[in-house]
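The values are calculated or read from the model by the stated rules, or taken from the named source; none is laboratory data. Predicted model, so just to flag it, every value in this text is computed and none were measured. In this analysis, Cβ positions are derived from the backbone assuming ideal geometry, glycine residues included, and neighbour counts consider all displayed protein chains. These accessible areas exclude ligands, DNA and RNA; they are computed on the full protein's heavy atoms, side chains included. Shrake-Rupley method; radii C 1.70, N 1.55, O 1.52, S 1.80 Å.
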Amino acid sequence: MRNKEGLVDDLITSIPGEWKFDEQVSQHFDTHVRKSVPLYEEVQKAVIEISEWFIRDNSVVYDLGSSTGETISLLLQKHSRKKNVRFIGVEESLPMYNDFVAGYESGMTMIEIARKKCSSELVQFLQQHIEEINEFANIDLVLSLYTLQFLPLWKRKKVLQRIYNGLVEGGAFIFVEKIRAENSLFEDIWNDLYWDFKQENGLNEQQVIKKAQSLRGVLIPLSLTENLSLLSDVGFQCMDTFI
C-alpha cells in the first residue's frame, strides 16, 4: 500500500517495520550509511588499525555482514605483506543491481561485487544467515559492524557463543553496534543529536521519521551494560570499548 510507504532517503523507500537490505537499499547503501551513521568512516578505520594486533601469518578472519566487501578490501590492503591470511565474508542479502552502480556491471549481486572488489584466492564470501554457521574453528579475528543489532536476542546469544568457542587463544571479536543510553535523560539527548546529525547530512525530517518507523522491531539495540553482560554470559572476560 503506497500510502504507508515513505522515503528514508532520496532514493530509498521503506515500509514501517520492514527495513531490509534488499535491492533498493543495497544500491544506495554506501551513500546512505554515511548520512545516517555518525563516524562511520572513522569507526571502520579504527577497526582496520586494531586488526594489526590480531592478524598475523596464517590467520583466519571472519566479517559478519560483509555487504559489498569494503571492510575485507581494506583488510587485504592493510595486511598484504602477511602470508596466507584467509578472509571469509558472510552476507545474508542477495539483491540484484539493476543499474550501473559504483562502476560495476548491471545485474551483479552484492556478493559478486564483493568478490570482484576482493579478487584474491585467500578471500571467500558466503551467502548465508550468520546464525546458520554452526561452527567457527581456529579463528583469529571476527568482525561484526552494525550486524548483530538486527538479530533477535536469542539468536544473538547463540552466534556470540559460537564465536567465543571458535576463537583461538588470544583471538578477538570486534563488533560495532548502535546502543541505548543507560538512562532516559541521556537517551533523549543522544536521540536528538542523532536526528540533528542526519538532517545536517541532507535528510529531511520526514525521511528521518520514516527510517525510524522502518526499523521498528528490526533493529534491537542494547545498552553498553547489556552488551557487556551478553558477552560475559558466553565466556568473554577481557572486554573494552573504543571510539
### Task
State which entries of LYS83/LYS157; LYS116/LYS155; LYS82/LYS116; LYS157/LYS210 exceed 23 angstrom in Cα-Cα distance in the structure shown.
LYS83/LYS157; LYS116/LYS155; LYS157/LYS210
### Query
Which value, in Å² and to the nearest 10, is the accessible area of MET239 when all protein chains are kept and the probe is 1.4 Å?
70 Å²
#### Entry: Accessible area per residue, Å², segment 158-214 with all protein chains present, probe 1.4 Å
60 Å²
### Summary
The FRET efficiency for SER229 and LEU74, from their Cβ-Cβ distance with R0 = 41 Å and rounded to 0.05, is 0.85
### Task
Could you rank GLU42, GLU200 by how accessible they are, 1.4 Å probe, largest area first?
GLU200, GLU42
### Message
If I compute solvent accessible area with a 1.4 Å probe over the protein chains, what percent of it on segment 147-231 is carbon and sulfur?
### Response
55 percent
#### Entry: Solvent-accessible area of HIS129 with every protein chain in place, 1.4 Å probe, in Å² to the nearest 10
70 Å²
### Summary
With every protein chain in place, the accessible area of ASP192 for a 1.4 Å probe, in Å² rounded to the nearest 10, comes to 100 Å²
### Query
So for TRP53, TRP154, what's the accessible-area order with a 1.4 Å probe, most first?
TRP53, TRP154
